[in-house]
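*Asks:* Dropping a structure here in structure tokens format, bear with me for questions.
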């Protein structure tokens, strides 16, 4: 049985806890909870104690910590799930790896390429698994798109079009730190847009080679608008647009990949396929891959040797590289002070 600890017990930790509930009894147990706000850890403890498969022995206040170092030193943990603000990921992940623990870290993996590469290297040197919380790797429509692009049947990828919209300020709820660059490390590009940068690279099996980007803060402390063009290592060109000031707080996104002999699209959770000189056809959901896991359950089972990790550190490094190349190219981000006029 894998003994799990949580570093960061804010709202997203509840999502991670829920994902763990699909595990079989005896695969993992929650053993420790850490948050600088004790009420967050207490709240997650109450939720965990309702999940009897994850807390065969109910957690008590002895399992709650305000200092992650004390938790890591005091408890006999095998792995941790890091759910802290973005700029703290590096510190928390490296501390866990140094103690020989496996780590699942929320997206984005890091806020600099150097940090991301050091995290991956640290996991490799310790022989530990470092996984990233990108849940789209478990969504059937995206898995289908990746399979169609990489199996070679549609030829070489030529052009990728992807967009994502959200009203970040409305959607953040208690995560007000999303709009604080000291904790978020950036705005819409890495808060939700990182899902899109990851999926563009993962579906095409490519890495970013060159990026040109334009961003605008729209009167806020972090960027709300992002438009970038990336040249990928497989020769394809990707056009990526990310809007953080949309009328709808929900994340809306679309991915279209054109290859030399066809195309595959993901729109509104549905997959579409197009052959040479043929109409666009929706793929029946019965023909999509049947996914029975998620980032957290897959992480646990990968550590136990039961599954292959579907979101390894390389995915986080890849997405971080594209994002940081975009920030570097955009330079100082302007702010439209006429917002709302």
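The values are calculated or read from the model by the stated rules, or taken from the named source; none is laboratory data. Please read these numbers as outputs of a predicted model, since none were measured by experiment. When we count neighbours, we look across all protein chains shown, and the Cβ atoms used for this are built from the backbone with ideal geometry, even at glycine.
*Asks:* Can you spot a residue in the range 4-21 that is part of a loop (DSSP other than H, G, I, E, B) and either over 17 Å from residue 177 (Cβ atoms) or more than 23 Å from the chain's Cα centre (by Cα) (or both)?
*Replies:* Yes, the range 4-21 contains at least one residue that is part of a loop (DSSP other than H, G, I, E, B) and either over 17 Å from residue 177 (Cβ atoms) or more than 23 Å from the chain's Cα centre (by Cα) (or both).
*Asks:* Tell me whether the range 96-108 contains one or more residues that are surrounded by 22 or more Cβ atoms within 10 Å (Cβ to Cβ), without any contact (Cβ under 8 Å) to a residue 60 or more places away in the chain and more than 19 Å from residue 302 (Cα to Cα).
*Replies:* No, every residue in the range 96-108 fails to be surrounded by 22 or more Cβ atoms within 10 Å (Cβ to Cβ), without any contact (Cβ under 8 Å) to a residue 60 or more places away in the chain and more than 19 Å from residue 302 (Cα to Cα).
*Asks:* Within the set of pairs 6 or more residues apart or between chains, which connect a residue that is free of Cβ contacts under 8 Å to residues at least 12 places away in the same chain inside the range 267-295 to a residue that is surrounded by 10 or more Cβ atoms within 10 Å (Cβ to Cβ) and in a loop (DSSP other than H, G, I, E, B) with Cβ atoms less than 7 Å apart?
*Replies:* That search, which allows pairs on different chains as well, returns 272/280; 272/283.
*Asks:* Also, I was wondering about something else. Scan the range 176-186 for residues that are part of a loop (DSSP other than H, G, I, E, B) and surrounded by fewer than 17 Cβ atoms within 10 Å (Cβ to Cβ) and jot them down.
*Replies:* 180
*Asks:* A further question on this structure: What's the number of the only condition in (1) assigned to a helix (DSSP H, G or I); (2) in contact (Cβ under 8 Å) with a residue 60 or more places away in the chain; (3) touching a strand residue (DSSP E or B) at 6+ places or on another chain (Cβ under 9 Å); (4) buried (at least 21 other Cβ atoms within 10 Å of the Cβ) that residue 190 fails to meet?
*Replies:* Against the list (1) assigned to a helix (DSSP H, G or I); (2) in contact (Cβ under 8 Å) with a residue 60 or more places away in the chain; (3) touching a strand residue (DSSP E or B) at 6+ places or on another chain (Cβ under 9 Å); (4) buried (at least 21 other Cβ atoms within 10 Å of the Cβ), residue 190 comes up short only on (3).
*Asks:* Right, residue 256: assigned by TED's automatic domain parsing to the domain that holds residue 149, at pLDDT below 95 and either crowded, with 16+ Cβ neighbours inside 10 Å or not in a loop (DSSP other than H, G, I, E, B) (or both) or not?
*Replies:* no
*Asks:* On the given criteria, is residue 262 crowded, with 20+ Cβ neighbours inside 10 Å and either under 30 Å from residue 228 (Cβ atoms) or within 18 Å of the chain's Cα centre (by Cα) (or both)?
*Replies:* no
*Asks:* Restricting to the range 27-48, count the residues that are part of a helix (DSSP H, G or I) and touching a strand residue (DSSP E or B) at 6+ places or on another chain (Cβ under 9 Å).
*Replies:* Summing the residues that are part of a helix (DSSP H, G or I) and touching a strand residue (DSSP E or B) at 6+ places or on another chain (Cβ under 9 Å) in the range 27-48 gives 7.
*Asks:* Return only the number of the condition from (1) surrounded by fewer than 20 Cβ atoms within 10 Å (Cβ to Cβ); (2) out of contact with any helix residue (DSSP H, G or I) (no Cβ under 6 Å at 6 or more places or on another chain); (3) within 28 Å of residue 201 (Cα to Cα) that residue 50 does not satisfy.
*Replies:* Tallying (1) surrounded by fewer than 20 Cβ atoms within 10 Å (Cβ to Cβ); (2) out of contact with any helix residue (DSSP H, G or I) (no Cβ under 6 Å at 6 or more places or on another chain); (3) within 28 Å of residue 201 (Cα to Cα), residue 50 fails exactly one: (3).
*Asks:* Yes or no: residue 238 outside any loop (DSSP other than H, G, I, E, B), at pLDDT 95 or above, under 17 Å from residue 136 (Cα atoms) and under 24 Å from the mean Cα position of the chain (by Cα)?
*Replies:* So residue 238 fails the test.
*Asks:* Within the range 3-22, is even one residue surrounded by fewer than 21 Cβ atoms within 10 Å (Cβ to Cβ), under 22 Å from residue 100 (Cα atoms) and out of contact with any strand residue (DSSP E or B) (no Cβ under 8 Å at 6 or more places or on another chain)?
*Replies:* The answer is no, given that none of the residues of the range 3-22 is surrounded by fewer than 21 Cβ atoms within 10 Å (Cβ to Cβ), under 22 Å from residue 100 (Cα atoms) and out of contact with any strand residue (DSSP E or B) (no Cβ under 8 Å at 6 or more places or on another chain).
*Asks:* Exactly one condition in (1) in a helix (DSSP H, G or I); (2) surrounded by fewer than 24 Cβ atoms within 10 Å (Cβ to Cβ) is false for residue 162; which is it?
*Replies:* (1)
*Asks:* Before we move on, is residue 248 without any contact (Cβ under 8 Å) to a residue 24 or more places away in the chain and exposed (fewer than 15 other Cβ atoms within 10 Å of the Cβ)?
*Replies:* In short, no.
*Asks:* A further question follows. Would it be correct to say that residue 77 is over 23 Å from residue 191 (Cβ atoms), under 26 Å from the mean Cα position of the chain (by Cα), touching a residue at least 40 places away in the same chain (Cβ under 8 Å) and assigned to a loop (DSSP other than H, G, I, E, B)?
*Replies:* yes
*Asks:* A follow-up question, please. Tell me yes or no: at least one residue of the range 310-331 is part of a loop (DSSP other than H, G, I, E, B), more than 30 Å from residue 28 (Cβ to Cβ) and either within 15 Å of the chain's Cα centre (by Cα) or at pLDDT below 95 (or both).
*Replies:* Scanning the range 310-331 turns up at least one residue that is part of a loop (DSSP other than H, G, I, E, B), more than 30 Å from residue 28 (Cβ to Cβ) and either within 15 Å of the chain's Cα centre (by Cα) or at pLDDT below 95 (or both).
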